[in-house]
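As structure tokens, the structure follows; a few thoughts come after it.
The values are calculated or read from the model by the stated rules, or taken from the named source; none is laboratory data. Bear in mind that the values here come from a model prediction, so they are computed numbers and not experimental data. Cβ placement follows ideal geometry from the backbone for every residue including glycine, while neighbour counts extend to all protein chains displayed.
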Amino acid sequence: MKNILLLITALALTLPLFHATAQNTETVTQLAPEPIHPREEQLVTMLLSRSHYAHKDIDDSVSVKMFNEYIDLLDGNKLYFTQADIDSFSVYRLQLDNDLMLGRLEPAYRIFNRFMQRFHQRMVYVQKRLNRPFDFSIDESYVYDRRELPRAKTTSQLDSIWRKRLKNEALKLKLTGKKWDEIVKTLKKRYKNIEDRVRKSQSEDVFQYFMNALAETFDPHTAYMSPKLSDDFKIRMSHSLEGIGAVLQVEDDYTKVVSIVAGGPADKAGELHPNDRIAGVGQGATGELTDVIGWRIDDVVQLIRGPKGTTVRLQIIPAEASLESPPDTIAIVRDKVRLKDRAAKSDTLEITENGRTFKIGVIDVPDFYLDYEAMRKGDPDYASTTKDVKRLLGELQSAGVEGIIIDLRNNGGGFLTEAINMTGLFIKEGPVVQVRSANGRVEVDRDEDPSVTYRGPLAVLVNQFSASASEIFAAAIQDYQRGLILGTQSFGKGTVQNIVHLNRFLRKTTAKLGQVKMTIAKFYRINGGSTQNMGVVPEIEFPSAYSSAEVGERSMPNALKWDEIRPLSYRQFNNWDDALIKQLRLNHLARIHKNLRFKFYLDDLDRIRAERKKKSISLQEEKRKAQRKIADDLKEAHKKALEAAGQGEDKSDLFLDEAAQIVDDWIQLESRR
């Protein structure tokens, strides 16, 4: 179990919604399953029902969930199917479980082919409606999030929805300075590009969507990967293609950044962040930006990939901005992600308090890496997180630091062995994590080394993108009361996946089959609680733009629940009382409310939260301009206030500085006890 590589988002498996344009022909190609698909369907069903951690029977409840998942994959925002369409499919709602066992795929292809017909009808409307200008003086609004609304009952209702959709897209372009003829040209080109790609849908695509509708009823990390997607997975896992080092998925027509690969080009550039949305991609310093709104994820990835040393430009809408904000354009030089670029790094921060200067060491751990092949071959210089952190701890102690922060923000995981061994640098030997397999067997992974590299004050900084192996380390440090956990509640991925190649079950076939990525085990802390869903909750929480329910495992449908098993016997390092933690929190809150940069950050959080609660937007030009002016004026006012206070050039890490202040508070409070 220790050699399992834990990667939270090694591959984006969210399937694209077909928000696209009309076909030029009057007929829509009818897709049908390939001869191997019925047998493959039975194989996937058998594997999930027998080997998935959840031990879920394929019954009517799964059938209903699968039916809903499949409809959502095709038309989750309710832009194509009418309620009459859904009613006509309802005969399948309780039938899919039986069809899966028997290898029947007629429902999958009938629903998909109907979708393509509705898609064609909608896009005929799009092309026709773009020939007439919109009146942006009318006071009306567009509901862009329709997931909780009822479906349209008639074609005329769909026409109204699509008119407002197109009007919103046109207004966004108008507000960037484009004239009507430019707007029409841009939108028609956008939809033509999408149309060309949607028309390339093949039988294997339909099969993949349908099997993933089944897989997602088990948990969000279980998935069927077609042969093509399986090949992409191998490429990404081996890092053998040049790119920017980012994991992407499609959400609401936009390509969204899921995570940034530590040490990769995007990470080094520092301008692309999780939850940013990519609206356009351009080649080189001056190449035309290609609008990629509504594109399939694999097509966007193909545009972003390219030879090492070349530049790709991305038009992005930052995570904190609304979809109506004007996009920024950034440039990233493509490169391979090298192991040495992912290595842990150290720094020091100095804090002056009451006439005395405290030096706090910081070790940034971007992921839990290990050059497994070099280690296996006996190379004494093999790369390892634990080896690097041990060396950095020695250097920082020699530099006279009085406390250390381990920065695990955006650390999506890595090798479990490294998380265990790195924990051992701060504790004597003892248990670190429990792993419960699908058969109920619990295995305990331990630190076997009694030596301790660092015994001083320790804090671990996490955020909502700290996941998997980083959560195991943070949880162990918390359970041993070895250090303070600071930041925001972590991601909550406490499961282990395994890849199963379907060809191993049908050795006589010449067809290349796909793979199933399946959850097979679950992690538990030494106190008995799972890291799944709950993640790690800091002793002192920092403000965040996202609530714990909006980001991470807790936000994913069908995520496995938090539970607990028997705790292990272990000895805590410290014995903190509530009074110490309470005082540290009070000091933290008093400090951030006096800090001007923090005050403006909190103001921005309030504005962002209010924006995210909205599900509609005005289609009146003057109102949109007024809304944008309010945001621009606020941004400018903050900038001027910071400049007046002499903080205009301060680019320091707000949260890292605050973490160092908390460690300083801790040291001083402990010295008085």
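Observations on the structure shown:
- Where TYR601 falls short, out of the listed (1) among the hydroxyl-bearing types (Ser, Thr, Tyr); (2) touching a residue at least 60 places away in the same chain (Cβ under 8 Å); (3) within 20 Å of PHE542 (Cβ to Cβ): (2)
- Cβ-Cβ distances below 9 Å connect the following pairs, each with a first residue in the range 346-361 that is free of Cβ contacts under 8 Å to residues at least 60 places away in the same chain, a second residue that is surrounded by fewer than 19 Cβ atoms within 10 Å (Cβ to Cβ) and of a type in the set (Asp, Glu), and a separation of six or more residues or different chains: SER346/GLU395; THR357/GLU350; LYS359/GLU350; LYS359/GLU402; GLY361/ASP347; GLY361/GLU395; GLY361/GLU402.
- ARG197 vs. criteria assigned to a helix (DSSP H, G or I), basic (Lys, Arg), over 26 Å from LEU560 (Cα atoms) and at pLDDT below 85: yes
- Hey, VAL536 outside the structural domain of GLU204 (by TED's automatic domain parsing), within 14 Å of GLU471 (Cα to Cα) and touching a residue at least 12 places away in the same chain (Cβ under 8 Å) or not: yes
- Condition check for GLU34: acidic (Asp, Glu), assigned to a loop (DSSP other than H, G, I, E, B) and modelled with pLDDT of 90 or more: yes
- Taken over the range 140-151, the criterion of being modelled with pLDDT under 95 and among the charged types (D, E, K, R) is satisfied by ASP145, ARG146, ARG147, GLU148.
- Looking only at the range 417-442, and only at residues there that are touching a strand residue (DSSP E or B) at 6+ places or on another chain (Cβ under 6 Å) and modelled with pLDDT under 95, the one that is surrounded by the most Cβ atoms within 10 Å (Cβ to Cβ): ALA438
- The residues in the range 148-159 that are surrounded by fewer than 16 Cβ atoms within 10 Å (Cβ to Cβ), under 33 Å from the mean Cα position of the chain (by Cα) and not aliphatic (A, V, I, L, M) can be counted, and the count is 2.
- The lone exception for LYS613 - which of (1) at pLDDT 90 or above; (2) within 30 Å of ASP135 (Cα to Cα) it fails: (1)
- Only one of LYS639, LYS629 that is of a type outside the set (Gly, Ala, Ser), in a helix (DSSP H, G or I), within 26 Å of PHE134 (Cα to Cα) and within 32 Å of the chain's Cα centre (by Cα): LYS629
- Residue that is farthest from ASP253 (Cα to Cα), among those in the range 161-192 that are surrounded by fewer than 19 Cβ atoms within 10 Å (Cβ to Cβ) and polar (S, T, N, Q): THR176
- The criterion of being among the aliphatic types (A, V, I, L, M) and touching a residue at least 12 places away in the same chain (Cβ under 8 Å) holds for ALA545.
- Test for SER671: is it closer than 30 Å to PRO457 by Cβ, of a type in the set (Gly, Ala, Ser) and surrounded by fewer than 17 Cβ atoms within 10 Å (Cβ to Cβ): yes
- Counting only strands (runs of 3 or more DSSP E) that fall entirely inside the range 414-474 and contain at least 3 residues that are not assigned by TED's automatic domain parsing to the domain that holds ARG571, no element qualifies.
- Listed by position, the strands (runs of 3 or more DSSP E) enclosed by the range 324-399 that each have at least 3 residues that are within 24 Å of the chain's Cα centre (by Cα) are 328-333.
- Test for PHE573: is it at pLDDT below 90 and either among the hydroxyl-bearing types (Ser, Thr, Tyr) or within 30 Å of VAL433 (Cβ to Cβ) (or both): yes
- The residues of the range 294-324 that are among the charged types (D, E, K, R) and either in the same structural domain as LYS629 (by TED's automatic domain parsing) or in contact (Cβ under 8 Å) with a residue 40 or more places away in the chain (or both), listed by number, are ARG296, ASP298, ASP299, ARG305, LYS308, GLU320, GLU324.
For (1) among the hydroxyl-bearing types (Ser, Thr, Tyr); (2) touching a helix residue (DSSP H, G or I) at 6+ places or on another chain (Cβ under 6 Å); (3) closer than 25 Å to LYS167 by Cα, each residue gets a yes or a no:
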| residue | (1), (2), (3) |
| --- | --- |
| LYS256 | no, no, yes |
| ALA266 | no, no, no |
| ALA269 | no, no, no |
| LEU289 | no, no, yes |
| ASP299 | no, yes, no |
| LEU303 | no, no, no |
| ILE316 | no, no, yes |
| PRO327 | no, no, yes |
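- Every listed requirement among (1) among the charged types (D, E, K, R); (2) buried (at least 16 other Cβ atoms within 10 Å of the Cβ); (3) free of Cβ contacts under 8 Å to residues at least 60 places away in the same chain is met by ASP445 save one, (3).
- Look at the range 155-173: where a residue is among the hydroxyl-bearing types (Ser, Thr, Tyr) and a partner is surrounded by fewer than 18 Cβ atoms within 10 Å (Cβ to Cβ) and not in a helix (DSSP H, G or I), sitting 6+ places away or on another chain with Cβ atoms under 8 Å, you get THR155/THR82.
- Against the criterion of being under 17 Å from ASN574 (Cβ atoms) and in contact with a helix residue (DSSP H, G or I) (Cβ under 6 Å, 6 or more places away or on another chain), TYR480 does not qualify.
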